[in-house]
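In what follows, a structure is listed as structure tokens, so that the remarks can point back to it.
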Amino acid sequence: MRRRTPPPPSPLPQRDGVDPVRVRLPAGNAWATVRDHLVARLAAGAEVIDTMLAEGRIVDVTGRPVSRDTAYAPGTFVWFHRELPDEERVPFPIDVVYRDEHVVVADKPHFLATTPRGSHVAETALARLRRQLGIPALGAAHRLDRLTAGLVLFIVRPEERGAYQSLFRDRRVAKEYEAVAPYDPTLTLPRTLRSRIVKERGILAAQEVEGEPNAISRVELLEHRHGRARYRLTPRTGQTHQLRVHMSALGVPILGDPLYPVVTDPVPAGDFRRPLQLLARVLEFTDPVTGCEHRFVSPRVLRAWSSYEEWAG
């Protein structure tokens, strides 16, 4: 099996903890210039591309600016920094619970995306940690939903990233979540739910459909009071929004969920009230590089349990 040749290192430094965009010019002769390909490929439009070229903001492997007339060369790369969107700062810290020369385990707050995506770029856990810890090469081993708080594993050395990502791919990580949701005395728990969940691109909410199950979750009741309950959720698989879908299917949707059981109107930017009451509480694995046994527990407390009036207000 032939190994793919890794791309050359970026000639541009990070900006605000965010990597520059790398574009590989594909095979073919449909474009006379690099400019023609970028206009056809990128959504920015010809005017923006022309401005970036004129200002020397698109560079080749040597760091030299690409001109409007630079000939197209299949298989080569160009780099540039995207225009960062105006982002509302998430006013909560991201705590480092463990750090060694191989990994960083961070406790992410609600509302903070794990990695740059869409309108969340510099204001993400990865970009923040790169700036906070001074580790430009830091990468994420997995992702946690923006609205979910809790433990996330990051990798210090790029050459070790595959070893840690394989832990999640091969389901060799034990994860436990905690949620606050309504209490239903008629619900028999613990229970293991199995269903097929499909998340379509461009559709906010995932759906349960007929077919072979691809999502397995165990739901346990920990305690209840005043019509609310604290649940332990143990996913056996990792489908998008899996725990949120399964809790909604049980008739006890997680408090603060804007998608399940129904999609609600988006909240205004900067509104950090009533966060989703879902927490990645436990992360447990054997380090594939050092062989160390790790078990991390988030000390966070879900506010709808500790102080419901404060959370609801």
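Bear in mind these aren't lab numbers, they're just calculated from the coordinates by the rules spelled out. Predicted, not measured: the structure shown is a model, and the values here were computed from it. Note that each Cβ is placed from the backbone with ideal geometry, even for glycine, and that neighbours are counted across all protein chains shown.
Some notes on this structure:
- Rg ratio (alpha-carbon, reference 2.2 N^0.38 Å) - segment 211-313: 1.25
- Phi angles across segment 43-55 convert, under the Karplus curve 6.51 cos²θ - 1.76 cosθ + 1.60 with θ = phi - 60°, into 3J(HN,Hα) values of 7, 5, x, 4, 5, 5, 4, 4, 5, 5, 5, 5, 8 Hz, Gly and Pro given as x.
- Gyration tensor verdict on segment 64-121 (Cα atoms; rounded if a/c is under 1.5, prolate if a/b is larger than b/c, oblate otherwise): oblate
- Among P213, A32, M52 - extreme Cα towards positive end, dipole of the chain, charges at beta-carbon: P213
- Globularity ratio of segment 12-114, using Cα Rg and 2.2 N^0.38 Å: 1.42
- Förster radius 51 Å - calculated FRET efficiency between D95 and T62 (Cβ-Cβ, nearest 0.05): 0.80
- Residues whose amide H lies under 5 Å from that of R196, counting only those 5 or more places away or on a different chain, are V209, N214; hydrogens are built 1.01 Å from N in the peptide plane.
- Förster-model FRET efficiency, 51 Å R0, I216 and A27, C-beta, rounded to 0.05: 0.75
- Viscosity 0.692 mPa s, temperature 37 °C, Stokes-Einstein D of the chain from Kirkwood C-alpha radius, µm²/s: 149
- 5 Å-binned pair-distance histogram of segment 98-194 (Cα, whole percent): 3, 11, 20, 21, 17, 12, 6, 6, 4, 1, 0
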